[in-house]
Amino acid sequence: MMNILSSNAATPSKGLRKVTRDPGEDNISWLERNLSTGDGSAIVLLGGTSPTAFRLRVAQAHVRHDLYPSSWSHAVLLDRRAKKLASTRLWEISLEPPKGYSFPPPTNAVQTATLSAYADAQRFPNIAVLHVPVRHEEVQDALKRFQMQRAVLDTVDLLVRWLAFAWGVSSAGNPLLSNHGIPSAAMLDVVFGAAGFDLTPGLESRASCPEAIWQAAKWWHEYYEKQNISRLDGAYVTTHELLAD
C-alpha cells in the first residue's frame, strides 16, 4: 500500500494549459510552442506506447484515486535550450535508453540524451512541459551531487527493480507498492528537493513517479501558494489513454 496525501484543492491548477498538436506536428515542434525561455527549470513528462511504457503506466494506477492507468511513463530534466531544440541535452534514468545501457554505478544510473530521442509523436503521444520555479544552476549543482551520492537515493537499485517488473522477471511485483519510485522521477524529486523545492508534496521523494509529479502540478497549487512559492505551470497534450474516462 502506498502512503499518499491528497490535496485539498477543489479545482485543478489554472497554470496548466491543454495545447493540442497541429496536424502532423511532432513533439519537438510542439515544445517549440510551449517551452518557456525563463530562468527556471523545465521537466518534460512523456507517455509512451511501448510494452515497457504500458507496464509503467498501469503500475502508477495506485497513485490515482480512480485507479486508472497514468498518462505518463517517463520524466526528464532539460538543460538550457540549444540553438536547435532537438539538440537540447536532457538528464534521465530511462528503462529504455536510446543508446542502450552503459555501466550505471558511477553516475547513480543517471543518463544523458537529447530531446531528439523523444520527437516521435507516435511513440510518445502524451507530452507535458512543466516549468519549475528553481534556477537552472541550482538544479544542476544538486544533480552533480546526486550522481556521486548513492547513499541519498540508490537509483541503480531502483533501475534494477523496475527492469525486473517491466520485463516480468520471476515474481517481481510492482515496486511502487513497496515505495520504490520510478527511477527518473525519483531522481528529479530528490534533486529538486536538494535545491529547495518540494516536487511532490503528497508523496515521499523515494516513491515518486511521473504521475505524482503530474498530480502535484495539477492539484497542489494551493499548497505552493500558501508556502509563498510559485506553482508549477506548463502545457500538455494527452491523445493516448489506456482506458476511456
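Every residue, every condition in (1) outside any loop (DSSP other than H, G, I, E, B); (2) touching a residue at least 60 places away in the same chain (Cβ under 8 Å); (3) in contact with a helix residue (DSSP H, G or I) (Cβ under 6 Å, 6 or more places away or on another chain); (4) crowded, with 23+ Cβ neighbours inside 10 Å, yes or no:
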{"site": "196", "(1), (2), (3), (4)": "no, yes, no, no"}
{"site": "201", "(1), (2), (3), (4)": "no, yes, yes, no"}
{"site": "216", "(1), (2), (3), (4)": "yes, no, no, yes"}
{"site": "229", "(1), (2), (3), (4)": "no, yes, no, no"}
{"site": "237", "(1), (2), (3), (4)": "yes, yes, no, no"}
{"site": "243", "(1), (2), (3), (4)": "no, yes, no, no"}
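Considering (1) over 18 Å from the mean Cα position of the chain (by Cα); (2) surrounded by 15 or more Cβ atoms within 10 Å (Cβ to Cβ), say which one residue 77 fails and leave the rest.
(1)
A quick yes/no check of all residues on (1) out of contact with any helix residue (DSSP H, G or I) (no Cβ under 8 Å at 6 or more places or on another chain); (2) part of a loop (DSSP other than H, G, I, E, B); (3) of a type outside the set (Val, Ile, Thr); (4) crowded, with 17+ Cβ neighbours inside 10 Å:
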position	(1), (2), (3), (4)
103	yes, yes, yes, no
141	yes, no, yes, no
150	no, yes, yes, no
162	no, no, yes, yes
173	no, yes, yes, no
191	no, no, no, yes
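Could we say that residue 20 is farther than 21 Å from residue 209 by Cβ, surrounded by 18 or more Cβ atoms within 10 Å (Cβ to Cβ), in contact with a strand residue (DSSP E or B) (Cβ under 9 Å, 6 or more places away or on another chain) and modelled with pLDDT of 95 or more here? Before you say what the answer is, go through the steps one by one.
Values: farther than 21 Å from residue 209 by Cβ: yes; surrounded by 18 or more Cβ atoms within 10 Å (Cβ to Cβ): no; in contact with a strand residue (DSSP E or B) (Cβ under 9 Å, 6 or more places away or on another chain): yes; modelled with pLDDT of 95 or more: yes.
When the stated conditions are applied, residue 20 does not pass them.
Considering 119, 82, which residue is farther than 22 Å from residue 160 by Cβ, exposed (fewer than 14 other Cβ atoms within 10 Å of the Cβ) and of a type in the set (A, V, I, L, M, F, W, C)?
On the way: 119 fails: exposed (fewer than 14 other Cβ atoms within 10 Å of the Cβ).
Matching residue, one of 119, 82: 82.
The values are calculated or read from the model by the stated rules, or taken from the named source; none is laboratory data. Predicted, not measured: the structure shown is a model, and the values here were computed from it. Counting neighbours? That spans all protein chains shown, and the Cβs are built from the backbone with ideal geometry, glycine included.
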